[in-house]
Amino acid sequence: MIDNSYQNLFKLPELKRKIFITLALLFVYRVGIHVPTPGINSGELASFFASAEGTLFSMFNMFSGGALERLSIFALGIMPYISASIILELMTVVVPHLAQLKKEGDAGRKKKTQYTRYGTVVLSVIQGLGISVGLESMMSPAGVPIVDYPGWGFRLITIITLTAGTAFIMWLGEQITERGIGNGISLIIFAGIVASMPSAMGNTVRLMSTGEMSVFVLIILLVLMVAVVAAIIFMEQAQRRIPVHYAKRVVGRKMYGGQTSHLPLKINTAGVIPPIFASSIIMFPTTLAQFTDLPIMQTLASMFSPGTPWYYILYVGFIIFFCFFYTAVQFNPEDVAENMKKNGGYIPGIRPGKKTSEYIDRVLTRITLGGAIYVSAVCVLPTVLMSKFDIPFYFGGTALLIVVGVSIDTISQINSHLITGNYDGFMGRSKRIKGRS
(Lines give C-alpha, C1' and ligand atoms only; values in the text may rest on other atoms or scores of the structure.)
Protein backbone atom coordinates (compact mmCIF):
# COMPACT_ATOMS: atom_id res chain seq x y z
CA MET A 1 0.00 0.00 0.00
CA ILE A 2 2.85 2.38 0.78
CA ASP A 3 4.59 1.80 -2.56
CA ASN A 4 1.43 2.70 -4.47
CA SER A 5 0.89 5.71 -2.22
CA TYR A 6 4.15 7.28 -3.41
CA GLN A 7 2.40 7.95 -6.70
CA ASN A 8 0.02 10.25 -4.79
CA LEU A 9 2.79 11.83 -2.70
CA PHE A 10 1.78 15.42 -3.47
CA LYS A 11 -1.97 14.76 -3.38
CA LEU A 12 -2.02 14.86 0.42
CA PRO A 13 -2.24 18.61 1.25
CA GLU A 14 -0.62 18.32 4.68
CA LEU A 15 2.32 16.25 3.43
CA LYS A 16 2.77 18.48 0.39
CA ARG A 17 2.89 21.57 2.63
CA LYS A 18 5.48 19.98 4.93
CA ILE A 19 7.72 18.96 2.01
CA PHE A 20 7.48 22.45 0.48
CA ILE A 21 8.38 24.13 3.80
CA THR A 22 11.34 21.78 4.29
CA LEU A 23 12.72 22.42 0.79
CA ALA A 24 12.18 26.18 1.08
CA LEU A 25 14.03 26.43 4.42
CA LEU A 26 16.89 24.26 3.14
CA PHE A 27 17.12 26.57 0.10
CA VAL A 28 17.43 29.57 2.45
CA TYR A 29 20.25 27.76 4.26
CA ARG A 30 22.12 27.05 1.03
CA VAL A 31 21.77 30.68 -0.08
CA GLY A 32 23.25 31.87 3.22
CA ILE A 33 26.30 29.65 2.63
CA HIS A 34 27.42 32.10 -0.09
CA VAL A 35 27.06 35.30 2.00
CA PRO A 36 30.60 36.15 3.18
CA THR A 37 31.74 37.62 6.49
CA PRO A 38 33.28 41.12 6.06
CA GLY A 39 37.04 41.66 6.12
CA ILE A 40 38.18 38.34 4.59
CA ASN A 41 40.37 37.79 1.55
CA SER A 42 38.25 35.00 0.03
CA GLY A 43 40.77 33.86 -2.57
CA GLU A 44 43.60 33.40 -0.08
CA LEU A 45 41.26 31.64 2.38
CA ALA A 46 40.22 29.14 -0.31
CA SER A 47 43.88 28.38 -1.10
CA PHE A 48 44.55 27.80 2.62
CA PHE A 49 41.73 25.24 2.87
CA ALA A 50 43.03 23.50 -0.23
CA SER A 51 46.22 22.78 1.75
CA ALA A 52 44.40 21.88 5.01
CA GLU A 53 43.06 18.43 4.10
CA GLY A 54 43.01 15.93 6.95
CA THR A 55 42.58 18.54 9.71
CA LEU A 56 39.66 19.65 11.84
CA PHE A 57 39.13 22.45 9.33
CA SER A 58 38.30 19.99 6.56
CA MET A 59 35.90 18.04 8.80
CA PHE A 60 34.08 21.15 10.05
CA ASN A 61 34.00 22.51 6.50
CA MET A 62 32.27 19.31 5.39
CA PHE A 63 29.61 19.58 8.12
CA SER A 64 29.05 23.27 7.31
CA GLY A 65 28.48 22.49 3.64
CA GLY A 66 31.52 24.47 2.48
CA ALA A 67 30.63 27.58 4.49
CA LEU A 68 33.84 27.53 6.53
CA GLU A 69 36.18 27.70 3.54
CA ARG A 70 34.25 30.79 2.38
CA LEU A 71 33.89 32.08 5.97
CA SER A 72 30.27 32.87 5.24
CA ILE A 73 27.76 33.96 7.87
CA PHE A 74 27.00 30.23 8.39
CA ALA A 75 30.69 29.29 8.79
CA LEU A 76 30.19 27.73 12.23
CA GLY A 77 27.35 25.64 10.85
CA ILE A 78 25.22 23.69 13.27
CA MET A 79 28.21 22.19 15.12
CA PRO A 80 27.86 24.53 18.18
CA TYR A 81 24.28 23.31 18.60
CA ILE A 82 25.36 19.68 18.33
CA SER A 83 28.22 20.27 20.78
CA ALA A 84 25.87 21.98 23.25
CA SER A 85 23.41 19.09 22.98
CA ILE A 86 26.14 16.51 23.58
CA ILE A 87 27.57 18.45 26.54
CA LEU A 88 24.09 18.74 28.05
CA GLU A 89 23.50 15.00 27.65
CA LEU A 90 26.82 14.19 29.29
CA MET A 91 26.08 16.59 32.16
CA THR A 92 22.86 14.72 32.98
CA VAL A 93 25.08 12.03 34.51
CA VAL A 94 26.58 14.39 37.12
CA VAL A 95 23.96 17.17 37.49
CA PRO A 96 20.83 15.98 39.38
CA HIS A 97 18.69 18.88 38.07
CA LEU A 98 19.29 17.85 34.44
CA ALA A 99 18.64 14.21 35.27
CA GLN A 100 15.31 15.25 36.82
CA LEU A 101 14.36 17.22 33.70
CA LYS A 102 14.74 14.03 31.69
CA LYS A 103 11.92 12.50 33.75
CA GLU A 104 9.50 15.45 33.48
CA GLY A 105 8.25 14.67 29.99
CA ASP A 106 7.42 17.48 27.58
CA ALA A 107 8.06 20.27 30.10
CA GLY A 108 11.51 18.88 30.85
CA ARG A 109 12.33 18.60 27.14
CA LYS A 110 11.38 22.25 26.58
CA LYS A 111 13.63 23.31 29.45
CA LYS A 112 16.54 21.26 28.07
CA THR A 113 15.97 22.79 24.63
CA GLN A 114 16.19 26.24 26.19
CA TYR A 115 19.47 25.34 27.93
CA THR A 116 20.78 23.95 24.64
CA ARG A 117 20.02 27.26 22.90
CA TYR A 118 21.90 29.23 25.55
CA GLY A 119 24.82 26.83 25.30
CA THR A 120 24.81 27.18 21.51
CA VAL A 121 25.15 30.97 21.73
CA VAL A 122 27.95 30.73 24.30
CA LEU A 123 29.88 28.19 22.23
CA SER A 124 29.33 30.26 19.07
CA VAL A 125 30.81 33.36 20.75
CA ILE A 126 33.84 31.38 21.96
CA GLN A 127 34.40 29.71 18.59
CA GLY A 128 33.83 32.99 16.74
CA LEU A 129 36.51 34.67 18.85
CA GLY A 130 38.89 31.77 18.30
CA ILE A 131 38.33 31.80 14.54
CA SER A 132 38.80 35.57 14.26
CA VAL A 133 42.05 35.50 16.27
CA GLY A 134 43.29 32.49 14.33
CA LEU A 135 42.50 34.06 10.97
CA GLU A 136 44.51 37.15 11.86
CA SER A 137 47.64 35.03 12.27
CA MET A 138 47.07 32.84 9.23
CA MET A 139 48.75 33.16 5.86
CA SER A 140 47.89 31.60 2.56
CA PRO A 141 50.44 29.23 0.95
CA ALA A 142 51.64 32.26 -1.04
CA GLY A 143 52.37 34.18 2.19
CA VAL A 144 49.47 36.66 1.84
CA PRO A 145 47.45 37.54 5.00
CA ILE A 146 43.90 36.17 5.01
CA VAL A 147 42.48 39.11 7.02
CA ASP A 148 42.65 42.50 5.33
CA TYR A 149 42.33 44.68 8.46
CA PRO A 150 43.05 42.76 11.70
CA GLY A 151 42.09 44.10 15.11
CA TRP A 152 39.21 44.15 17.57
CA GLY A 153 36.90 45.69 14.98
CA PHE A 154 37.30 42.62 12.78
CA ARG A 155 36.98 40.31 15.78
CA LEU A 156 33.72 41.84 17.02
CA ILE A 157 32.17 41.82 13.56
CA THR A 158 33.18 38.18 13.08
CA ILE A 159 31.85 37.11 16.49
CA ILE A 160 28.50 38.86 15.98
CA THR A 161 28.12 37.63 12.40
CA LEU A 162 28.99 33.99 13.08
CA THR A 163 26.92 33.81 16.28
CA ALA A 164 23.89 35.30 14.52
CA GLY A 165 24.38 32.88 11.63
CA THR A 166 24.46 29.86 13.92
CA ALA A 167 21.39 31.09 15.82
CA PHE A 168 19.56 31.50 12.51
CA ILE A 169 20.53 27.98 11.39
CA MET A 170 19.33 26.65 14.76
CA TRP A 171 16.00 28.42 14.19
CA LEU A 172 15.78 26.99 10.67
CA GLY A 173 16.35 23.49 12.02
CA GLU A 174 13.67 23.87 14.67
CA GLN A 175 11.21 25.21 12.10
CA ILE A 176 11.87 22.24 9.81
CA THR A 177 11.33 19.82 12.70
CA GLU A 178 8.12 21.56 13.81
CA ARG A 179 6.54 22.54 10.48
CA GLY A 180 8.33 20.40 7.90
CA ILE A 181 9.25 16.75 7.46
CA GLY A 182 12.18 15.01 9.18
CA ASN A 183 14.64 16.22 11.80
CA GLY A 184 15.68 19.77 10.92
CA ILE A 185 19.19 19.73 12.40
CA SER A 186 20.01 16.41 10.72
CA LEU A 187 18.62 17.60 7.38
CA ILE A 188 20.79 20.74 7.50
CA ILE A 189 23.91 18.61 7.97
CA PHE A 190 22.62 16.26 5.27
CA ALA A 191 22.17 19.15 2.83
CA GLY A 192 25.69 20.41 3.51
CA ILE A 193 27.25 17.01 2.86
CA VAL A 194 25.20 16.21 -0.25
CA ALA A 195 26.05 19.65 -1.68
CA SER A 196 29.61 18.40 -2.28
CA MET A 197 28.44 15.63 -4.62
CA PRO A 198 28.55 17.67 -7.89
CA SER A 199 32.16 18.72 -7.29
CA ALA A 200 33.12 15.12 -6.44
CA MET A 201 31.53 13.90 -9.67
CA GLY A 202 33.37 16.64 -11.57
CA ASN A 203 36.69 15.58 -10.02
CA THR A 204 36.00 11.97 -10.98
CA VAL A 205 35.31 12.92 -14.60
CA ARG A 206 38.46 15.04 -14.68
CA LEU A 207 40.61 12.21 -13.33
CA MET A 208 39.19 9.78 -15.87
CA SER A 209 39.73 12.23 -18.75
CA THR A 210 43.38 12.73 -17.80
CA GLY A 211 43.97 9.00 -17.32
CA GLU A 212 44.67 9.26 -13.58
CA MET A 213 41.73 6.95 -12.83
CA SER A 214 40.81 3.90 -14.87
CA VAL A 215 37.30 2.66 -15.58
CA PHE A 216 38.10 -0.52 -13.64
CA VAL A 217 38.95 1.46 -10.47
CA LEU A 218 35.75 3.50 -10.87
CA ILE A 219 33.64 0.33 -11.13
CA ILE A 220 35.29 -1.12 -8.02
CA LEU A 221 34.66 2.16 -6.20
CA LEU A 222 30.96 2.20 -7.14
CA VAL A 223 30.52 -1.44 -6.08
CA LEU A 224 32.18 -0.75 -2.73
CA MET A 225 30.05 2.34 -2.13
CA VAL A 226 26.83 0.43 -2.85
CA ALA A 227 27.95 -2.40 -0.56
CA VAL A 228 28.84 0.00 2.26
CA VAL A 229 25.52 1.86 1.95
CA ALA A 230 23.62 -1.45 1.98
CA ALA A 231 25.54 -2.53 5.09
CA ILE A 232 24.75 0.76 6.84
CA ILE A 233 21.04 0.48 6.02
CA PHE A 234 20.95 -3.08 7.36
CA MET A 235 22.90 -2.31 10.54
CA GLU A 236 21.08 0.95 11.34
CA GLN A 237 17.76 -0.90 11.29
CA ALA A 238 19.07 -3.99 13.09
CA GLN A 239 17.67 -4.67 16.56
CA ARG A 240 18.00 -7.22 19.33
CA ARG A 241 14.45 -7.82 20.53
CA ILE A 242 14.14 -9.05 24.09
CA PRO A 243 10.73 -10.67 24.73
CA VAL A 244 8.69 -9.09 27.53
CA HIS A 245 5.56 -10.61 29.08
CA TYR A 246 3.01 -8.67 31.13
CA ALA A 247 1.12 -10.33 33.98
CA LYS A 248 -2.66 -10.23 34.08
CA ARG A 249 -4.22 -7.71 36.47
CA VAL A 250 -7.83 -7.41 37.56
CA VAL A 251 -9.13 -3.85 38.03
CA GLY A 252 -12.78 -3.84 39.09
CA ARG A 253 -14.59 -6.18 36.68
CA LYS A 254 -12.01 -5.85 33.90
CA MET A 255 -8.80 -7.78 33.35
CA TYR A 256 -5.73 -6.00 31.98
CA GLY A 257 -2.36 -7.28 30.79
CA GLY A 258 -1.51 -10.78 29.77
CA GLN A 259 0.16 -9.43 26.62
CA THR A 260 3.52 -10.24 25.03
CA SER A 261 5.75 -7.49 23.72
CA HIS A 262 9.46 -6.93 23.18
CA LEU A 263 12.21 -4.51 24.20
CA PRO A 264 14.07 -3.33 21.06
CA LEU A 265 17.81 -2.66 21.50
CA LYS A 266 19.52 -1.04 18.53
CA ILE A 267 22.87 -2.36 17.38
CA ASN A 268 24.16 1.20 17.03
CA THR A 269 22.56 3.11 19.89
CA ALA A 270 25.17 5.90 19.87
CA GLY A 271 24.57 6.86 16.22
CA VAL A 272 27.17 9.17 14.65
CA ILE A 273 28.41 10.73 17.91
CA PRO A 274 31.42 8.36 18.39
CA PRO A 275 33.06 9.03 14.98
CA ILE A 276 32.50 12.79 15.35
CA PHE A 277 34.21 12.82 18.76
CA ALA A 278 36.97 10.47 17.56
CA SER A 279 37.67 12.57 14.47
CA SER A 280 37.81 15.77 16.51
CA ILE A 281 40.33 14.35 18.99
CA ILE A 282 42.61 12.61 16.51
CA MET A 283 42.72 15.58 14.13
CA PHE A 284 43.56 18.05 16.88
CA PRO A 285 47.39 17.68 16.63
CA THR A 286 47.24 18.10 12.84
CA THR A 287 45.16 21.25 13.24
CA LEU A 288 47.53 22.78 15.81
CA ALA A 289 50.44 22.09 13.49
CA GLN A 290 48.92 24.60 11.05
CA PHE A 291 49.63 27.42 13.54
CA THR A 292 53.04 26.47 14.94
CA ASP A 293 56.45 25.33 13.74
CA LEU A 294 57.36 23.41 16.92
CA PRO A 295 59.13 20.15 15.99
CA ILE A 296 57.04 18.08 18.43
CA MET A 297 53.77 19.32 16.91
CA GLN A 298 55.00 18.56 13.40
CA THR A 299 56.01 15.06 14.52
CA LEU A 300 52.61 14.42 16.10
CA ALA A 301 50.86 15.75 13.00
CA SER A 302 52.78 13.35 10.77
CA MET A 303 52.10 10.42 13.13
CA PHE A 304 48.34 11.03 13.29
CA SER A 305 47.71 12.05 9.68
CA PRO A 306 45.23 9.86 7.75
CA GLY A 307 46.84 6.75 6.31
CA THR A 308 49.33 6.07 9.11
CA PRO A 309 49.03 3.00 11.41
CA TRP A 310 48.75 5.18 14.54
CA TYR A 311 45.85 7.06 12.96
CA TYR A 312 43.87 3.87 12.36
CA ILE A 313 44.65 2.38 15.79
CA LEU A 314 43.65 5.49 17.74
CA TYR A 315 40.67 6.24 15.51
CA VAL A 316 39.17 2.76 16.01
CA GLY A 317 40.02 2.86 19.73
CA PHE A 318 38.27 6.20 20.24
CA ILE A 319 35.21 5.08 18.26
CA ILE A 320 34.81 1.92 20.36
CA PHE A 321 35.27 3.90 23.60
CA PHE A 322 32.70 6.56 22.69
CA CYS A 323 30.22 3.93 21.44
CA PHE A 324 30.16 2.36 24.91
CA PHE A 325 30.32 5.69 26.73
CA TYR A 326 27.48 7.39 24.84
CA THR A 327 25.32 4.25 24.94
CA ALA A 328 25.72 4.21 28.73
CA VAL A 329 24.63 7.86 28.84
CA GLN A 330 21.61 7.36 26.56
CA PHE A 331 20.33 4.02 27.88
CA ASN A 332 20.01 3.10 31.55
CA PRO A 333 19.15 -0.61 32.10
CA GLU A 334 18.20 0.04 35.74
CA ASP A 335 15.50 2.57 34.75
CA VAL A 336 14.17 0.23 32.06
CA ALA A 337 14.01 -2.70 34.48
CA GLU A 338 12.29 -0.56 37.13
CA ASN A 339 9.66 0.73 34.70
CA MET A 340 9.08 -2.78 33.43
CA LYS A 341 8.56 -4.02 36.99
CA LYS A 342 6.09 -1.22 37.81
CA ASN A 343 3.98 -2.11 34.77
CA GLY A 344 3.93 -5.82 35.61
CA GLY A 345 6.35 -6.79 32.85
CA TYR A 346 9.05 -9.43 33.04
CA ILE A 347 11.52 -11.22 30.78
CA PRO A 348 10.82 -14.98 30.66
CA GLY A 349 13.31 -16.86 32.83
CA ILE A 350 14.70 -13.67 34.43
CA ARG A 351 13.64 -12.37 37.85
CA PRO A 352 12.28 -8.79 37.86
CA GLY A 353 14.40 -6.00 39.29
CA LYS A 354 18.18 -6.28 39.58
CA LYS A 355 18.45 -9.55 37.63
CA THR A 356 16.53 -8.03 34.74
CA SER A 357 18.77 -4.96 34.79
CA GLU A 358 21.90 -7.14 34.73
CA TYR A 359 20.52 -9.23 31.86
CA ILE A 360 19.65 -6.16 29.76
CA ASP A 361 23.07 -4.64 30.50
CA ARG A 362 24.81 -7.87 29.44
CA VAL A 363 22.88 -8.06 26.16
CA LEU A 364 23.41 -4.35 25.47
CA THR A 365 27.17 -4.68 26.06
CA ARG A 366 27.45 -7.51 23.55
CA ILE A 367 25.49 -5.81 20.77
CA THR A 368 27.25 -2.48 21.42
CA LEU A 369 30.58 -4.21 20.78
CA GLY A 370 29.25 -5.42 17.44
CA GLY A 371 27.91 -1.95 16.67
CA ALA A 372 31.24 -0.33 17.57
CA ILE A 373 33.11 -2.70 15.22
CA TYR A 374 30.60 -1.92 12.44
CA VAL A 375 30.95 1.86 12.92
CA SER A 376 34.74 1.57 12.99
CA ALA A 377 34.77 -0.41 9.74
CA VAL A 378 32.49 2.07 7.97
CA CYS A 379 34.58 5.04 9.11
CA VAL A 380 37.97 3.51 8.30
CA LEU A 381 37.10 2.19 4.83
CA PRO A 382 36.77 5.61 3.11
CA THR A 383 40.09 6.71 4.65
CA VAL A 384 41.79 3.59 3.25
CA LEU A 385 40.30 4.30 -0.18
CA MET A 386 41.54 7.88 -0.12
CA SER A 387 45.08 7.03 0.98
CA LYS A 388 45.66 3.86 -1.08
CA PHE A 389 43.83 4.53 -4.34
CA ASP A 390 43.99 8.35 -4.53
CA ILE A 391 40.31 8.79 -5.38
CA PRO A 392 38.04 11.82 -4.91
CA PHE A 393 35.98 10.29 -2.10
CA TYR A 394 33.80 13.24 -1.23
CA PHE A 395 32.72 12.12 2.25
CA GLY A 396 34.13 9.99 5.01
CA GLY A 397 32.45 7.34 7.09
CA THR A 398 30.91 9.84 9.50
CA ALA A 399 29.24 11.71 6.66
CA LEU A 400 28.12 8.44 5.10
CA LEU A 401 26.44 7.40 8.36
CA ILE A 402 24.69 10.77 8.57
CA VAL A 403 23.48 10.70 4.96
CA VAL A 404 22.07 7.17 5.18
CA GLY A 405 20.65 7.63 8.69
CA VAL A 406 18.88 10.89 7.85
CA SER A 407 17.53 9.38 4.63
CA ILE A 408 16.07 6.40 6.52
CA ASP A 409 14.52 8.65 9.16
CA THR A 410 13.00 11.04 6.63
CA ILE A 411 11.55 8.22 4.50
CA SER A 412 10.06 6.66 7.64
CA GLN A 413 8.31 9.93 8.50
CA ILE A 414 6.97 10.25 4.95
CA ASN A 415 5.67 6.68 5.19
CA SER A 416 3.92 7.54 8.47
CA HIS A 417 2.18 10.52 6.84
CA LEU A 418 1.13 8.38 3.88
CA ILE A 419 -0.33 5.72 6.17
CA THR A 420 -2.15 8.41 8.18
CA GLY A 421 -3.52 9.90 4.96
CA ASN A 422 -4.83 6.50 3.82
CA TYR A 423 -6.45 5.84 7.19
CA ASP A 424 -8.04 9.28 7.15
CA GLY A 425 -9.50 8.46 3.75
CA PHE A 426 -10.99 5.21 5.04
CA MET A 427 -12.39 6.97 8.13
CA GLY A 428 -13.91 9.70 6.01
CA ARG A 429 -15.51 7.15 3.72
CA SER A 430 -16.97 5.22 6.65
CA LYS A 431 -18.43 8.44 8.10
CA ARG A 432 -20.09 9.30 4.78
CA ILE A 433 -21.58 5.82 4.53
CA LYS A 434 -22.91 6.06 8.08
CA GLY A 435 -24.48 9.43 7.37
CA ARG A 436 -26.30 8.13 4.27
CA SER A 437 -27.77 5.26 6.19
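Some points to look at:
- Leading residue by the ranking (farthest from PHE190 (Cα to Cα)) among those in the range 5-18 that are at pLDDT 75 or above and not aliphatic (A, V, I, L, M): PRO13
- Pick from the range 330-343, criterion buried (at least 16 other Cβ atoms within 10 Å of the Cβ) and touching a residue at least 24 places away in the same chain (Cβ under 8 Å), ranking: farthest from PRO243 (Cα to Cα): PHE331
- When THR161, THR166 are checked against the criterion of being within 20 Å of ASN41 (Cα to Cα) and touching a Pro at 6+ places or on another chain (Cβ under 8 Å), a single residue qualifies: THR161.
- Residue in the range 337-344 that is of a type outside the set (Ser, Thr, Tyr) and assigned to a loop (DSSP other than H, G, I, E, B) present: yes
- Among the numbered conditions (1) in a helix (DSSP H, G or I); (2) farther than 30 Å from ASN41 by Cα; (3) modelled with pLDDT under 85, the only one that TYR115 does not meet is (3).
Condition check ((1) β-branched (Val, Ile, Thr); (2) surrounded by 14 or more Cβ atoms within 10 Å (Cβ to Cβ); (3) part of a helix (DSSP H, G or I)) across all residues:
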position	(1), (2), (3)
LEU187	no, yes, yes
ASN203	no, yes, yes
VAL229	yes, yes, yes
ILE242	yes, yes, no
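- Scan of the range 83-111 for residues that are assigned to a loop (DSSP other than H, G, I, E, B), closer than 25 Å to PHE324 by Cβ and not hydrophobic (A, V, I, L, M, F, W, C), ordered by number: THR92, LYS102, LYS103
- Helices (runs of 4 or more DSSP H) fully within the range 37-82 that include at least 1 residues being at pLDDT 70 or above, surrounded by 20 or more Cβ atoms within 10 Å (Cβ to Cβ) and touching a Phe, Trp or Tyr at 6+ places or on another chain (Cβ under 7 Å): 67-70.
- Number of positions in the range 344-357 that are surrounded by 15 or more Cβ atoms within 10 Å (Cβ to Cβ) and at negative phi: 7
- Some residue of the range 185-196 being assigned by TED's automatic domain parsing to the domain that holds GLY32, farther than 25 Å from LEU401 by Cα, in contact (Cβ under 8 Å) with a residue 60 or more places away in the chain and within 21 Å of the chain's Cα centre (by Cα): no
- Of the residues ILE87, ILE21, ILE2, the single one that is more than 18 Å from ALA191 (Cα to Cα), surrounded by fewer than 20 Cβ atoms within 10 Å (Cβ to Cβ) and either modelled with pLDDT of 75 or more or acidic (Asp, Glu) (or both) is ILE87.
The values are calculated or read from the model by the stated rules, or taken from the named source; none is laboratory data. Here the structure is a predicted model, which is why all the values come from computation and not from measurement. Please note: Cβ atoms are built from the backbone with ideal geometry, for glycine as well, and neighbour counts cover all protein chains shown.
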